[in-house]
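Colleague: A single structure is presented below for examination.
The values are calculated or read from the model by the stated rules, or taken from the named source; none is laboratory data. None of the values given here were measured: they were computed from a predicted structure. All Cβ positions, glycine included, derive from the backbone under ideal geometry; neighbour counts span all protein chains shown.
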Amino acid sequence: MRIRNYRPSDLDAVIAIFRSNIPKYFGPEEEPGLREFLAAMRSDEYYVIEIDDEIVGAGGIALNDDDTVSLCWGMVREDRLGTGLGRKLTEFRIAASREKFGDRAMVTSTSQHTEGFYEMFGFRTVEHTPDGFGPGIDTCKMRLYIS
């Protein structure tokens with residue numbers, strides 16, 4: 001397994017990972033937003049996980065206007081969920097955020113299905129919107145304070 005910077009040629013693989021997580025983790029109406037995000041994203045702030053030259057996960061970091069850092073569009077291919085890849089990707093992104101942006105607070109917007117996962121890293125829910133991402137997919141805005 002290796003984590004490397006995203007390249008535009010990875011787009012189809014990342015979209016396939018996204019689609020593998022519909023309908024539980026993402027709604028199909030979110031795909032245009034992901035495509036726009038990837039088109040505008042700096043390649044040194046979005047990463048992919050490769051195993052045997054196959055992309056099986058992706059996620060990024062981004063500095064926000066309010067001086068927080070977002071963990072953005074984190075995902076693991078559905079058939080690889082529960083294997084520890086999500087944990088490794090999240091640990092990598094937290095470390096990358098600290099290295100690049102210092103000890104700024106981190107935020108993420110996730111669903112009720114992964115809220116507990118992020119709590120394991122110390123994130124706490126600060127806002128919960130039922131069906132915020134779409135029917136049956138709540139928006140859980142979470143924050144991690146780095147000290």
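Colleague: So, in the range 17-57, how many residues would count as being assigned to a helix (DSSP H, G or I), surrounded by 12 or more Cβ atoms within 10 Å (Cβ to Cβ), modelled with pLDDT of 95 or more and over 13 Å from the mean Cα position of the chain (by Cα)?
Modeller: Final tally of qualifying residues: 4.
Colleague: Please verify whether F92 is closer than 14 Å to N5 by Cα and either in a helix (DSSP H, G or I) or of a type outside the set (S, T, Y) (or both), treating the condition exactly as stated.
Modeller: Yes: the conditions hold for F92.
Colleague: Could you tell me which numbered condition T110 fails, if it satisfies all but one of (1) in contact (Cβ under 8 Å) with a residue 24 or more places away in the chain; (2) touching a Leu at 6+ places or on another chain (Cβ under 9 Å); (3) surrounded by fewer than 12 Cβ atoms within 10 Å (Cβ to Cβ)?
Modeller: Of everything listed in (1) in contact (Cβ under 8 Å) with a residue 24 or more places away in the chain; (2) touching a Leu at 6+ places or on another chain (Cβ under 9 Å); (3) surrounded by fewer than 12 Cβ atoms within 10 Å (Cβ to Cβ), T110 misses just condition (3).
Colleague: For T125, indicate whether it is over 14 Å from W73 (Cα atoms) and in contact with a Cys (Cβ under 9 Å, 6 or more places away or on another chain).
Modeller: Judged against the criteria, T125 is a match.
Colleague: Let me ask something else about it. Mind counting the residues in the range 58-73 that are in a loop (DSSP other than H, G, I, E, B) and not β-branched (V, I, T)?
Modeller: Final tally of qualifying residues: 4.
Colleague: So, G86, is that one surrounded by 19 or more Cβ atoms within 10 Å (Cβ to Cβ), closer than 17 Å to R42 by Cα, touching a strand residue (DSSP E or B) at 6+ places or on another chain (Cβ under 7 Å) and not charged (D, E, K, R) or not?
Modeller: No; evaluated as a whole, the condition is false for this residue.
Colleague: Checking the structure you have, find out if any residue of the range 9-16 is within 20 Å of T114 (Cβ to Cβ) and crowded, with 17+ Cβ neighbours inside 10 Å.
Modeller: Scanning the range 9-16, I find at least one residue that is within 20 Å of T114 (Cβ to Cβ) and crowded, with 17+ Cβ neighbours inside 10 Å, so the answer is yes.
Colleague: Within the range 74-86, can one find any residue that is β-branched (V, I, T), out of contact with any helix residue (DSSP H, G or I) (no Cβ under 8 Å at 6 or more places or on another chain), assigned to a loop (DSSP other than H, G, I, E, B) and at pLDDT 95 or above?
Modeller: yes
Colleague: For the range 95-118, enumerate the residues that are in a loop (DSSP other than H, G, I, E, B) and of a type in the set (S, T, Y).
Modeller: Once the filter is applied, which keeps residues that are in a loop (DSSP other than H, G, I, E, B) and of a type in the set (S, T, Y), the range 95-118 yields S111, T114.
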